Amino acid sequence: MSREGSQGPSPRPSRRNSSANLQQRLQGGGSFGRSSPFVAPQPLNAGQIPSTMEMLKSAVWHAPAGKGAVQKVISDGSFQPGVRGFTSLFQLVGKQKSWEKALEVREALRARTDLRPNCITYSALISALGNQWEKALEVFREQKEAARNEPECIPNTITYSALISACEKGGRLDQALKAYADMLEAGMQPDMITYSNLLTACEKHNEFGKALDLLEKMHLAGFAGSPPNYASIIQQLGARGEWARAVEVFLELQMAGLEPNRQICEALLKVFEAAKQSKQARQLLESMVAAGAMPDLELFSLGLRASAAASSGRDAEQILHLMQKASVRPDAATAGVAVSALKKSGDTAGAARLTERFAKGGISLSSSGMTAAQLARQSTGAARRGH
């Protein structure tokens, strides 16, 4: 029977800033730290007993969950994993999102009286438990008890982050915040993942004040949140009518080292539309075009809707010019919004000219707005009344 060799702890990965530029972020939807896709192990042949770590991983992956099969595969195999091997198995079933298998691997590890799990092993197990926050807390308490006599079991930042993630996924904001408080009391510094999980938990429970407080602490610690975190906070600020604070958050995320992606820009444009801030919407679109991160039709449409909401024909015309510069062709609905912005600003003659220009370009507004002839007649009537 072969056993896994003795191995030291893995080096902790260094924190790096993404080098992707704004255009890549916007076009890619904001994928950060993208890694190679995980490939599930191929099944073993019928009756084949695992004799290597890779074979054992395959057997565990394809074993049914919750029936003791995983524990049996590990105990009956001709290859017996060491502590690092069990850690790898926890990570494997974590990718499979099978907390039942994680518990079976845990029982197989407990049966090995010659092995002592360390902090990395416990962290991997807690992470593999997914949204099973009560079981994660049970493992965490077991780890802290073991740490009394074995320093290598002392929870670290990764452990607390995994526990907070389990509480967040399990819908327990109170437990997530308690774990965060315990983490600080233990002298551990939260990392970006910890803050992001806490922010997500606060957003799910509409604890907007706590989310803003955490965001400020996160920035002071030198971390930036994830794009979904910022987009959600910006949207909530917009719903509260705090568009200026939303702009501050938009600037703060850039100061924290995160370049805004499409999701964040879309959220801010929607805030500008609701707040009738056409100038701010236009300036954001101008900044994107200047950075080479060309907005798509939907984002330009949001800018035009902000112009219409603010009755700003001038901003609408400038956004149309930006669209032309970005080689984005308006559709009938977008064109109708632009014409509406000019009409609301009182420029019916300009609206008529714009409608005619769209018609010449093959964009008909007959189903979404007034025809060119109707606008022309309205413009002529308004001019006569003015004399």
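For this structure, a couple of remarks:
- Normalised by the number of residues in the chain, the average gap of Cα pairs under 8 Å and 6 or more apart makes the relative contact order 10 percent.
- Measuring only protein heavy atoms, the 1.4 Å probe finds Arg110 accessible over about 120 Å².
- Cα principal axis extents for the chain, largest first, Å: 101, 50, 34
- The range 40-115, dipole about Cα centre (Lys/Arg Cβ +1, Asp/Glu Cβ -1), debye to the nearest 20: 200 debye
- Measuring between their Cα centroids, the range 67-114 and the range 316-348 lie 61 Å from each other.
- Springs between Cα atoms under 10 Å define the GNM used for the chain, and in it the highest mean-square fluctuation of Ala231, Ala274, Ala166 occurs at Ala274.
- Accessible surface of the chain, 1.4 Å probe, proportion on carbon and sulfur as whole %: 50 percent
- In this structure, the pairs whose alpha-carbon distance is over 25 Å, taken from Lys101/Lys204; Lys279/Lys325; Lys72/Lys178, are Lys101/Lys204; Lys72/Lys178.
- Per residue, the chain exposes 51 Å² of solvent-accessible protein surface, assessed with a 1.4 angstrom probe and all protein chains in place.
- Candidates Ile164, Ile154, Ile264, ranked by Gaussian network fluctuation over the chain, Cα under 10 Å, top entry: Ile154
- Amide H contacts under 5 Å for Gln80: Ser2, Arg3, Glu4, restricted to partners 5 or more places along the chain or on a different chain, H placed in the peptide plane at 1.01 Å from N.
- Here the contact order of the range 201-285, divided by its residue count and restricted to Cα pairs under 8 Å and six or more residues apart, works out to 28 percent.
- The candidates Arg106, Arg148, Arg245, arranged from most to least accessible area with a 1.4 Å probe in the full protein assembly, appear as Arg148, Arg245, Arg106.
- Over 19 Å [Cα-Cα, the range 149-243], rounded percent: 39 percent
- For the range 229-358, the spherically averaged projection of the C-alpha convex hull amounts to 7.3 nm².
- In this label model, Asn206 and Gln324 are separated by 4.7 nm, measuring between points 7 Å along each Cα→Cβ vector.
- Rounded tilt (10° steps) of 262-275 against the dominant C-alpha axis of the chain: 50 degrees
- Reported to the nearest whole Å, the Cα centre-to-centre distance from the range 144-159 to the range 199-229 is 28.
- These residues, Leu299, Leu212, go from largest to smallest accessible area, 1.4 Å probe, as Leu212, Leu299.
- Ordered by 1.4 Å accessible area with all protein chains kept, Ile234, Ile120, Ile193 run largest first as Ile193, Ile120, Ile234.
- Spin-label model, Arg240/Ala332: points 7 Å from Cα along the beta carbon direction are separated by 4.2 nm.
- Scaled radius of gyration (Cα, divided by 2.2 N^0.38 Å) that the range 56-180 gives: 1.01
- The accessible area of Trp61, taken with all protein chains in place and a 1.4 Å probe, comes to roughly 40 Å².
- Karplus-derived HN-Hα couplings along the range 76-84 (A = 6.51, B = -1.76, C = 1.60, θ = phi - 60°), whole Hz, x at Gly and Pro: 8, x, 6, 9, 10, x, x, 4, 5
- Student exercise, the chain dipole from Lys, Arg, Asp, Glu Cβ charges, in Debye to nearest 20: 1160 debye
- Of the whole protein surface, Thr200 contributes about 40 Å² of accessible area at a 1.4 Å probe radius.
The values are calculated or read from the model by the stated rules, or taken from the named source; none is laboratory data. Note that the coordinates shown come from a computational prediction; the quantities given were computed from them, not determined experimentally. Glycine gets a Cβ as well: all are built from the backbone with ideal geometry, and neighbour counts include every protein chain shown. SASA here: full protein model, heavy atoms, side chains in, ligands and nucleic acids out. Shrake-Rupley method; radii C 1.70, N 1.55, O 1.52, S 1.80 Å.
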